[in-house]
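A.B. asks: Attaching a single structure in structure tokens format; questions to follow.
The values are calculated or read from the model by the stated rules, or taken from the named source; none is laboratory data. These numbers come from a predicted model, not from an experiment. Virtual Cβ from ideal backbone geometry, glycine too; neighbours counted across all protein chains shown. Keep in mind that these areas ignore ligands, DNA and RNA; they rest on the heavy atoms of the full protein, side chains included. Shrake-Rupley method; radii C 1.70, N 1.55, O 1.52, S 1.80 Å.
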Amino acid sequence: MFDVPMSKLKTAFVCQQCGATANKWLGRCPDCDAWNSLVEETAVAPGRDRSRSGLATSGRPTRYEEVRTDDAVRVGSGSLEFDRVLGGGIVAGSLVLLGGDPGIGKSTLLLQVAAARAKEGFSVVYVSGEESERQLRLRGDRLGVEGGSLFLYSETELERVIDALRRESPALVIIDSVQTIYSPKFSSAPGSISQVREVTAELLYFAKSTGTPVFLAGHVNKEGNLAGPKALEHMVDTVLYFEGDRHHAHRIVRATKNRYGAAGELAIFEMTSRGLIPVENPSGLFLSERPRNAPGSVVVCSLEGTRPMLLEIQTLVSTSGFGYPRRVAVGFDQNRLSLLLAVLEKREKISLAGEDVYVNVAGGLNVNEPVADLGLIASVASSFRGQPVDTDSVFIGEVGLAGEVRAAQQMPLRVKEIARMGFERAVIPSGNCPIEDAPADLQIVGLRNLSELMELIF
Ligand SMILES: Nc1ncnc2c1ncn2[C@@H]1O[C@H](COP(=O)(O)OP(=O)(O)OP(=O)(O)O)[C@@H](O)[C@H]1O
Ligand SMILES: [Mg+2]
Ligand SMILES: [Zn+2]
């Protein structure tokens with residue numbers, strides 16, 4: 001209803017979050033409900049001069065059997081850890097967006113990938129709209145980059161970038177960052193949604209028509225979304241995010257969307273002066289600073305992509321100073337926390353009405369799997385009672401509204417990781433028992449509901 005035909009307008013107010021247009025300024029976007037997201041931009045008639053004809057290679061519908069797939073090969077990015085998030089390597093003609101907070105390591109990771117490809121003799125063009133070639137070189141020297149067929153190009157104008165890419169026809173292109181490249185065809189500022197969309201569309205066409213993989217670095221806004229997020233995420237093949245914050249020495253890169261592999265897959269690196277180095281044993285890293293016998297500290301096993309990972313959930317329950325109790329979760333879904341607290345109160349008669357509840361997943365990882373429910377509840381109950389939970393147990397299981405513990409997927413894989421990390425006991429849903437090929441020295445306890453959990457831990 002707010003979509004006024006663009007051709008009739010000189011300017012339009014465009015939502016920088018979702019791209020919706022309105023003919024007057026509004027405090028809140030009518031489409032995506034974002035506040036204060038509308039910015040006045042010059043409207044451009046949709047059917048403007050454009051030589052690109054879409055993504056079809058032959059310009060007509062092609063018979064299924066005649067579509068070629070032999071060029072959809074993957075090449076290594078120089079890091080097995082990064083290859084895994086990409087779904088097994090870099091796919092020809094793919095457009096990959098890498099988002100993250102300022103200073104978290106986007107340029108570092110992309111320069112490392114560029115250098116690894118160049119080292120193998122493939123030409124790579126690294127376009128930077130934010131740093132000079134000299135700055136890039138300095139970073140490269142610190143990372144131990146050997147030039148070879150790596151080309152650096154400081155440029156912000158889209159047309160010049162595309163011209164250079166067509167001239168050089170590299171085997172890999174890095175654009176750092178998508179928000180700093182702009183087209184003078186549009187009068188709106190670099191980074192605005194029209195610009196970012198145009199730049200992405202042009203690079204998408206370049207990637208698909210030439211079969212060249214293109215990586216885009218993207219800034220995130222205050223809410224942690226990519227600037228112009230939805231519009232961008234739909235256009236690209238793969239979306240990768242640096243998760244957590246940069247106050248940890250390790251960096252987590254997660255695939256939130258991937259047309260060439262599993263979403264949810266993640267890579268864990270350590271940031272060093274020589275660049276990002278893969279972490280060999282993530283469970284070990286996340287449990288390294290775990291306090292022993294501290295109330296509220298519980299270990300869960302979450303499947304991140306294809307890898308099981310042991311994580312520590314910490315909860316602090318403390319008497320609320322004000323009428324309205326606080327529920328704060330870092331690394332855990334806020335709504336899920338409220339839901340689980342309600343279940344715990346109702347089923348186990350633990351009164352949290354006058355208590356603040358603070359939950360933190362140690363290490364900066366976000367736990368998205370519901371199998372962390374059981375551990376979270378154990379952690380809340382433990383902190384509430386001031387009694388530690390057995391340090392050598394790991395808790396797995398989704399909890400339903402009736403307080404029932406629901407079966408989880410991939411239990412043999414998780415149990416193996418638990419045994420590998422030297423734990424003595426796995427507390428799991430009874431629906432998953434017995435487990436085939438369970439490690440002999442691991443005690444396995446099956447639970448049906450929360451009452452059994454309370455009996456077990458206290
Ligand atoms: N000498 C060094 N030793 C260790 N780490 C370093 C060193 N120099 C820089 N770093 C790390 O590299 C990070 C900067 O990485 P990078 O420039 O790749 O981030 P970015 O995501 O591209 O940032 P921006 O959003 O500013 O482009 C710093 O935050 C720091 O953690
Ligand atoms: Mg950068
Ligand atoms: Zn919007």
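A.B. asks: Based on the alpha-carbon gyration tensor of segment 72-280 and its eigenvalue square roots a ≥ b ≥ c, which shape applies: rounded if a/c is under 1.5, prolate if not and a/b is larger than b/c, or oblate?
C.D. replies: rounded
A.B. asks: For LYS346, LYS24, give me the order by solvent-accessible area with a 1.4 Å probe, most accessible first, ignoring ligands, DNA and RNA.
C.D. replies: Values: LYS346 140, LYS24 110 Å².
So the residues, ranked largest to smallest area, are LYS346, LYS24.
A.B. asks: Among bridges DSSP assigns within the chain, what percent are antiparallel (round to 5)? Provide the component values of the computation, followed by the final result.
C.D. replies: Numbers: 44 of 84 bridges.
That works out to approximately 50 percent antiparallel.
A.B. asks: While we're on this one: Starting from the exponent 0.38 and prefactor 2.2 Å, build the expected Rg for segment 306-410 from its residue count and divide its actual Cα Rg by it.
C.D. replies: The reported ratio for this selection is 1.03.
A.B. asks: If you don't mind, there's one more thing I want to ask. Let me check I've understood the local charge: for TYR324, count other residues with C-beta under 13 angstrom from its C-beta, Lys and Arg +1, Asp and Glu -1. What total comes out? Write down the numbers at each step before the final one.
C.D. replies: On the way: positive: ARG326, ARG327; negative: GLU355, ASP356.
Summing Lys/Arg as +1 and Asp/Glu as -1 gives 0.
A.B. asks: Another question, then. Once ligands and nucleic acids are excluded and a 1.4 Å probe is used, how much of THR391 is accessible, expressed in Å² to the nearest 10?
C.D. replies: Ignoring ligands and nucleic acids, THR391 comes out at about 10 Å².
A.B. asks: Quick one: Karplus J couplings for segment 209-220, per residue in order, coefficients 6.51, -1.76, 1.60, θ = phi - 60°, nearest Hz, x for Gly and Pro?
C.D. replies: Rounded to whole hertz, the list is 6, 10, x, 8, x, 10, 9, 10, 8, x, 7, 10.
A.B. asks: Compare MET235, MET411 by solvent-accessible area with a 1.4 Å probe and give them largest first, with all protein chains kept in place. Each step should come with its number before you reach the end.
C.D. replies: Working: MET235 40, MET411 5 Å².
Most to least solvent-accessible, the answer reads MET235, MET411.
A.B. asks: Can you work out the Karplus-derived ³J(HN,Hα) for every residue in segment 95-103? Use 6.51 cos²θ - 1.76 cosθ + 1.60 with θ = phi - 60°, whole Hz, and x for glycine or proline.
C.D. replies: For segment 95-103, the Karplus curve yields 10, 10, 9, 10, x, x, 4, x, x Hz.
A.B. asks: Please list, ordered by chain and number, the residues whose modelled amide H lies under 5 Å from the amide H of ARG28; skip anything fewer than 5 residues away on the same chain.
C.D. replies: HN-HN under 5 Å from ARG28: ASN36.
A.B. asks: Using +1 on the beta carbon of Lys and Arg, -1 on that of Asp and Glu, and nothing else charged, what's the dipole of segment 88-196 about the Cα centre, debye to 20?
C.D. replies: In debye, rounded to 20, segment 88-196 gives about 120.
A.B. asks: Next question, about the same structure. In this model, which of LYS106/LYS416; LYS257/LYS346; LYS106/LYS257; LYS119/LYS185 are farther than 28 Å apart at the alpha-carbon?
C.D. replies: The answer is LYS106/LYS416; LYS257/LYS346; LYS119/LYS185.
A.B. asks: Can you list residues from other chains, or at least 5 along the same chain, whose modelled amide H is less than 5 Å from the amide H of GLN387?
C.D. replies: Under 5 Å from the amide H of GLN387 lies no amide H from a residue far enough along the sequence or on another chain.
A.B. asks: Return the percentage of antiparallel bridges among DSSP beta bridges fully within segment 285-457, rounded to the nearest 5 %.
C.D. replies: Antiparallel bridges make up about 55 percent of those DSSP assigns within segment 285-457.
A.B. asks: So, for the chain, what is the accessible surface per residue at a probe of 1.4 Å, expressed in square angstrom?
C.D. replies: The answer is 47 Å² per residue.
A.B. asks: Name the residue farthest towards the positive end of the dipole of the chain from the options TYR64, VAL196, ASN281, assuming +1 on Cβ of Lys and Arg, -1 on Cβ of Asp and Glu, about the Cα centre.
C.D. replies: Selected residue: VAL196.
A.B. asks: Calculate log10 I(q)/I(0) of segment 127-243 for q = 0.21 Å⁻¹, where I(q) comes from the Debye formula with a single equal point scatterer on each Cα and nothing for solvent.
C.D. replies: -1.29
A.B. asks: Here's another thing I want to ask about it. In degrees from 0 to 90, rounded to the nearest 10, what is the angle of the helix 133-143 Cα long axis to the longest principal axis of the chain?
C.D. replies: Roughly 40 degrees between the two axes.
A.B. asks: Separate question: For SER77, enumerate residues with amide H under 5 Å from its amide H, sequence gap 5+ or separate chain, H modeled in the peptide plane.
C.D. replies: Here the answer is ASP83, ILE90, since their amide H atoms fall under 5 Å of that of SER77.
A.B. asks: Here is a follow-up. Taking all protein chains as present, what is the carbon and sulfur share of the accessible area of the chain, in % to the nearest whole number, probe 1.4 Å?
C.D. replies: The value for the chain is 50 percent carbon and sulfur by accessible area.
A.B. asks: Cα gyration tensor of the chain, axes a ≥ b ≥ c as square roots of the eigenvalues: rounded (a/c below 1.5), prolate (a/b > b/c) or oblate? Walk me through the intermediate numbers first.
C.D. replies: Details: a/c = 2.17, a/b = 1.62, b/c = 1.34.
Prolate shape, in that a/c is at least 1.5 and a/b is the bigger ratio.
A.B. asks: What per residue convex hull volume, in Å³, do the alpha-carbon atoms of segment 223-318 yield?
C.D. replies: 149 Å³
A.B. asks: Give, as a single signed number, the net charge of other residues whose beta carbon lies under 12 Å from the beta carbon of PRO308, with Lys and Arg counted +1 and Asp and Glu -1.
C.D. replies: Around PRO308, the charge tally is +1.
A.B. asks: Hey, another quick one. Apply the Karplus curve 6.51 cos²θ - 1.76 cosθ + 1.60, θ = phi - 60°, to the phi angles in segment 333-342 and return the couplings in whole Hz, x for Gly and Pro.
C.D. replies: Taking θ as phi minus 60°, the curve returns 5, 4, 5, 5, 4, 4, 4, 5, 5, 5 Hz for segment 333-342.
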